[in-house]
C-alpha cells in the first residue's frame, strides 16, 4: 500500500473536505458502519473513500487516489463501488464530486413496490426539484456488480442522481458540498414521501417545475 504524501494545495484541501463531510454525515446518522462512499474529481484523477472505511473515521492521507481509468495511484484499496462513481463522472463532465449513501429514508423508498422507475419520488418541494430533479430508480443489482456501470452511465446523461433499488442513492454535484447538500435534500424528501403515504398529496405541477427550471437555470 502506498500512502499519498505529495499533493497540490487543492488536492490536500479536497482530502480534508472528504474527511470533514464524511464525519458530518456519519455523526448525523446519514451513513452507518462502513457503508457509503464519497469521491471528488481532481485535475489528474479523483479521490475516493477506501473499501470498508467508516465515513466517520477517515484519514486524508489514506484516501484512494485513482486515475481517469480507475487505476489506483496511491492510498488504500478503493471502495468496491468505485465503478459507480467512474460511470457518472464519464457522463457528467461538470460533476466535481459524488456521494453514495445508504441513508435510511432513501433506502426505505428504494425497497418499495410500485414506484415509477423513471421518477420514483414525486416533486413534493421546489428544493427537491432544484437539487435533484427527476430521480430514476435503478433495477436491483448485487453490491459491486460491474453491470451497474452501464446502467448508471446511460441514466447519468440526463440525471444528476439515481436511486439504486434495495440499496440507496448516488448523487453528483459541482462540488462535494453541493453533492452532500443534494443528497441530504433527497433524504428529507424521501422522509416526506414516506410520511405522506396514504395522505392526499399535492406535488408541484409541470408548470411550477417549468418556472423553477427557467428561473434558476436548472440543468440536471
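Annotations
- Any hit, the stretch 12-25, residues being in contact with a helix residue (DSSP H, G or I) (Cβ under 8 Å, 6 or more places away or on another chain), crowded, with 16+ Cβ neighbours inside 10 Å and outside any helix (DSSP H, G or I): no
- Taking the listed residues 85, 6, 102, the one that is assigned to a loop (DSSP other than H, G, I, E, B) and touching a strand residue (DSSP E or B) at 6+ places or on another chain (Cβ under 6 Å) is 102, with no other qualifying.
- Yes/no for residue 54 being in contact (Cβ under 8 Å) with a residue 24 or more places away in the chain and touching a strand residue (DSSP E or B) at 6+ places or on another chain (Cβ under 6 Å): no
- Options 199, 170; residue that is free of Cβ contacts under 8 Å to residues at least 40 places away in the same chain and either within 29 Å of residue 28 (Cα to Cα) or not in a helix (DSSP H, G or I) (or both): 199
- Residues located in the stretch 147-162, provided they are without any contact (Cβ under 8 Å) to a residue 24 or more places away in the chain and part of a loop (DSSP other than H, G, I, E, B): 147
- Hey, residue 144 surrounded by fewer than 15 Cβ atoms within 10 Å (Cβ to Cβ) and in contact (Cβ under 8 Å) with a residue 60 or more places away in the chain or not: yes
- Screening the stretch 91-132 for residues that are loosely packed, with under 15 Cβ neighbours inside 10 Å, in contact (Cβ under 8 Å) with a residue 24 or more places away in the chain and farther than 23 Å from residue 204 by Cα and picking the one that is nearest to the chain's Cα centre (by Cα) gives 94.
- Checked against the criterion of being modelled with pLDDT of 95 or more, in contact with a strand residue (DSSP E or B) (Cβ under 9 Å, 6 or more places away or on another chain), within 20 Å of residue 82 (Cβ to Cβ) and surrounded by 14 or more Cβ atoms within 10 Å (Cβ to Cβ), the candidates 178, 190, 182, 156 yield just one match: 156.
- The residues of the stretch 47-68 that are in a strand (DSSP E or B) and over 16 Å from residue 177 (Cα atoms), listed by number, are 50, 64, 65, 66.
- Condition check for residue 134: under 22 Å from residue 50 (Cβ atoms), out of contact with any helix residue (DSSP H, G or I) (no Cβ under 6 Å at 6 or more places or on another chain) and modelled with pLDDT of 95 or more: no
- For the stretch 24-51, the set of residues classified as farther than 24 Å from residue 185 by Cα and touching a residue at least 40 places away in the same chain (Cβ under 8 Å) consists of 46 only.
The values are calculated or read from the model by the stated rules, or taken from the named source; none is laboratory data. For clarity, every value in this text was computed on a predicted model and none was experimentally measured. Reconstructed Cβ throughout: ideal geometry from the backbone, glycine too, with neighbour counts over all protein chains shown.
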